[in-house]
Amino acid sequence: MFTFTFWSLESIGMGKLTKGSKAPTFNLKDQDGKTVKLSDFSGSKVVVYFYPKDDTPGCTTEACQFRDNFREFSKIKVPVVGVSPDGADSHKTFKEKYKLNFELLSDEDHKVMESYGAWGEKTLYGKKSIGVIRSTFLIDEKGLIIRSWYNVKADGHAEAVLAELSKS
């Protein structure tokens, strides 16, 4: 008789990044096809947020609130970067339509999202599926996680990130 035990990364304490974790590196294309790397932000804090899809209600709310708070992020010299599985053309249209003032990166194979624990099983309206887990990471000057948020509620999240920055 055989017994099989299956563990998820979460059940063994892996998969989610916490304070002090090394932020996984990335090398992704932005809305203009330019390569953006985490190392481009070395020496400064950066906000990296993962969202499901361009031009959908929740994602638009979240993006527009980061846009509307851009001046506050700029004052404290903390860039914001959005990442989704959408391609460059979708990002370009989304960015232009809502006059977004930060970069949108494409993670079409969701490898970066997986490395941040921002891709996996989620429940929406009672239905389970695999996809983007709306998540945000505040990363310090050395590439370490200051704060991570998983299963983010889009509305009001940009302000919550600013509040956390005021503490650090």
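Tabulated data
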| item | result |
| --- | --- |
| Single condition residue 93 does not satisfy, out of (1) in a helix (DSSP H, G or I); (2) in contact (Cβ under 8 Å) with a residue 60 or more places away in the chain | (2) |
| Leading residue by the ranking (nearest to the chain's Cα centre (by Cα)) among those in region 96-125 that are crowded, with 20+ Cβ neighbours inside 10 Å and part of a loop (DSSP other than H, G, I, E, B) | 118 |
| Lone unmet requirement of (1) basic (Lys, Arg); (2) assigned to a loop (DSSP other than H, G, I, E, B); (3) farther than 24 Å from residue 65 by Cα for residue 128 | (2) |
| Matching residues, region 20-61, being over 13 Å from the mean Cα position of the chain (by Cα), farther than 21 Å from residue 159 by Cα and assigned to a helix (DSSP H, G or I) | 39, 40, 41 |
| Breaking point among (1) surrounded by 22 or more Cβ atoms within 10 Å (Cβ to Cβ); (2) touching a residue at least 60 places away in the same chain (Cβ under 8 Å), for residue 63 | (2) |
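Every read-out reported here was derived from the displayed coordinates using simple, explicitly stated rules and does not represent laboratory data. What you see is a predicted model, and the numbers here were worked out from it, not measured in a lab. Note that we place each Cβ from the backbone using ideal geometry, even for glycine, and neighbour counts take in every protein chain shown.
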